[in-house]
Amino acid sequence: MQIGINGGRLIDPGHFDGIADILVKDGKIVKIVEKGDDSAPDPASNPQHPESKIIDAFGKIVTPGLIDMHVHLREPGQEHKETIESGCRSAAWGGFSAVCCMPNTSPVNDNGQVTEYIRARAQQLNLVRVFPVAAISKGIEGKTLCDYEELKQAGAVAVSDDGNPVMNSRMMRRAMEIARDMDLKIISHCEDINLAADGAMHEGAVAKNLGYPGIPGASESIMVLRDIALSELTRAPVHIAHVSAAESVRAIRDAKARGIRVTAETAPHYFTITETAVKECGTRAKMNPPLRTGADREAIRQGLADGTIDAIATDHAPHSNKDKDVAFGSAANGIIGLETAVSLSLQLVRQGVLSLTRLVEKMSTNPARILGLGSGLRVGHTADITLIDPDREYTVKSENFQSLSRNTPFDGWKLKGRPVLTMVGGRVVFEDLHT
Ligand SMILES: [Zn+2]
């Protein structure tokens, strides 16, 4: 079976940006022909070939398969919220050919057996690629470090106690040293739990108005600064998860300028909406870290624009209505993100924050680089490819989501631009090319 993807705008950040045809065969990219080069034959226009298929990509953007380096798939243990299968379908629909799943499942992914289970299940499903992120500490409790050799052998691509911070700095130092020697990336959920205390949303005027206890930006940035200090001490690289606060952006920018090995991600909700969404959407706008102020949102955009923030990840966090339809203070944290991420991120391009190439980079090649995964549209590479229609307009309808959960503050939003095809290893796992 060979597939030609013809006439699209091919963007391979740092390598190519132009109209081209791609020929995919046996799971790999076997030919790329730049349009306008008359001497080259149209690679896939071979109607006699019984097993060839042509995808008309005219007017579409063709990018390396998008990688979401921060999702919660909930399996094992909370399959009523999401399963590896529904999460993979949600990812494919959202244009992602690969996701990295966080370890706060039940049981926690803190041993090789759980890591292997996730990988085996994903392989059996054969939808998108699933790269497990295992725990830093047993039970993500911050008391005993996991066996990183066992986790790496089982297929973990990074370690994180996401959901919980590693509050003990000595333990984080040790984790960084071991992870560094094993070439495993640490992904840090930065939160000073004593400062955050029982806070339910960002500390400020809106929280005061609603009577909810607040979480200051400093509860994030204090730990960002600590992890930067520990990275400097150990020379271990550290990746900061879901950056939400202006103070954190500043800390990461300064650390990068000093040559510290720190990378960072943010999520679409942090550059799209603010704390005021809590007034309109209630618990559908409750997450950790919380939505912050307009000034924080602007700082996140600045951080994306100047390269301080390397990646856009969704922190896809499915929860059932039972977990959300309760008092604000006791509602679960998190929103789903896989199926709206591309559309929300494209707004950054239309608003002049990022070029299209920089956006593609933050959703594909940068996550790949941070985690040591392959990416890129080049001859010989695995055919993980996403097609985006930048002009497709639609209304977000959570009842139609592939995810098992519906917890989004973006329900009813009219958005422009969305993924229309996701290819993984030459297989089309999602296609919606025609309206
Ligand atoms: Zn987290």
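With the convex hull drawn around the C-alpha atoms of the stretch 288-374, the volume per residue stands at 123 Å³. Tell me whether the chain comes out rounded, prolate or oblate; compute the Cα gyration tensor, take square roots of the eigenvalues as a ≥ b ≥ c, and use a/c under 1.5 as the rounded threshold. Prolate, since a/c reaches 1.5 and a/b exceeds b/c. Taking a straight Cα-Cα cut-off under 24 Å and skipping sequence neighbours fewer than 8 places away in the same chain, the lysines within cross-link reach of Lys256 are Lys185, Lys362.
A cut-off under 11 angstrom between Cβ atoms defines the neighbours of Asn111, and their net charge, with Lys, Arg +1 and Asp, Glu -1, is -3.
Packing, taken as the mean count of other beta carbons within 10 Å per residue, orders the peptides 372-379, 327-334 from highest to lowest as 372-379, 327-334.
Among Ala383, Ala341, Ala218, the residue with the largest mean-square fluctuation in a Gaussian network model of the chain, with springs joining Cα atoms closer than 10 Å, is Ala218. Relative to its Kirkwood radius, the Cα radius of gyration of the stretch 360-412 gives an Rg/Rh of 1.10. For the stretch 134-226, applying the loop criterion from DSSP together with a ceiling of 15 other beta carbons within 10 Å to the GluC sites (Glu not before Pro) yields Glu141.
Could you tell me which of the pairs Lys279/Lys322; Lys143/Lys322; Lys60/Lys286; Lys25/Lys414; Lys28/Lys138; Lys35/Lys416 are separated by over 29 angstrom between their Cα atoms in the structure shown? Exceeds cut-off: Lys143/Lys322; Lys60/Lys286; Lys25/Lys414; Lys28/Lys138.
Each reported figure results from applying straightforward, stated rules to the coordinates on display, with no laboratory input. Just so it is clear, the model here is predicted, and its values are computed rather than measured. Every residue, glycine as well, gets a Cβ built from its backbone with ideal geometry; the counts of neighbours run over all protein chains shown.
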